[in-house]
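Below you'll find the structure, written out as structure tokens, and then a few comments.
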Amino acid sequence: AQKKFERRGFNFLGGMTAGYYGPYVWKNTTEEAYQVEIPGGTESVKVFWMEGFVTRGLLSWLSGDEVGAGGWAKKEGLYCVRKVYEKILDGPDFSISFLKHEAQHKHDFKYQGLESYKLEYRAKLVELIYYPAAGFLKSLNLSKDFSNKGNSHAYAAAKIMSDLEKIYKDGFGKNDFDLFVGELINNEEAWNKHGGFIRRSAERLLGEDTKRLEQR
């Protein structure tokens, strides 16, 4: 299938996203260079802006193009669906949830053989470290699901929330983590007061995971 599309001047990517099959087929790609700060340093990355999509995967098709991958990382750089981000380039959905998330993936490619959910775990921790409000914590809490490692985003979200709960209980000696998270999500004042604990905990988890990887 890939060669057939390429012969007609299109780009093609197969595979799965969040448990749903592709393919992604698009016409035009332009390149832009970025310097992206992540906890491990500054990652030099190339962003390949993709436009002219024929199809953006099964998930996009099922949702009427409301839901679908905004991009992905490969060794040569980060691939970004321009129409997903073109109106929010100055906001955290692009600068953090895309650039930093995908830059962390690129950084982590050096750890060969990492399962997809482990890559997502690390990249989502980076988002949590940098995200300025409770919105990303809320998305983790809503999407968490330990039932299927193949659904790497949901599994990683579940692992992060579970690990944060352990830190919370160890630090505060309390069993009301769900209430604590609910308060952070729904009360901006609570987030302003305790959001630093979440960010510091995410930094700790990423650091511990990095140490484990480097000792393999």
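The values are calculated or read from the model by the stated rules, or taken from the named source; none is laboratory data. Just so it is clear, the structure is predicted and the values come from calculations on it, not from any experiment. Backbone-built Cβ (ideal geometry, glycine too); neighbour counts: all protein chains shown. With ligands, DNA and RNA removed, areas are computed over all heavy atoms of the protein, side chains included. Shrake-Rupley method; radii C 1.70, N 1.55, O 1.52, S 1.80 Å.
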Quiz item: Tell me, what % of the accessible area of the chain is carbon and sulfur with a 1.4 angstrom probe?
Solution: 47
Quiz item: Which one of ILE160, GLY196, GLY77 is farthest out on the positive end of the charge dipole of region 60-216, using unit charges on Cβ (Lys, Arg +1; Asp, Glu -1) and the Cα centre as origin?
Solution: GLY77
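Could you provide, to the nearest whole Å², the per residue accessible area of the chain with probe 1.4 Å?
On the way: 11960 Å² over 216 residues.
The answer is 55 Å² per residue.
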Quiz item: Based on DSSP, what percent of beta bridges with both residues in the chain are antiparallel, to the nearest 5?
Solution: 85
Quiz item: Considering amide H positions built from the backbone, and no H for Pro or chain starts, which residues 5 or more places from THR55, or on another chain, come under 5 Å of its amide H?
Solution: VAL25
Exercise. Would you indicate which of (1) 32, 18, 17; (2) 29, 22, 14; (3) 44, 17, 13 is the value of semi-axes √(5λ) of the Cα gyration tensor in Å derived from the coordinates of this structure?
Key: (1)
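Return the subset of LYS100/LYS169; LYS144/LYS169; LYS149/LYS174; LYS4/LYS75 for which the Cα-Cα distance in this structure is over 26 Å, preserving the input order.
Numbers: LYS100/LYS169 29 Å; LYS144/LYS169 19 Å; LYS149/LYS174 29 Å; LYS4/LYS75 24 Å.
Those over the limit are LYS100/LYS169; LYS149/LYS174.
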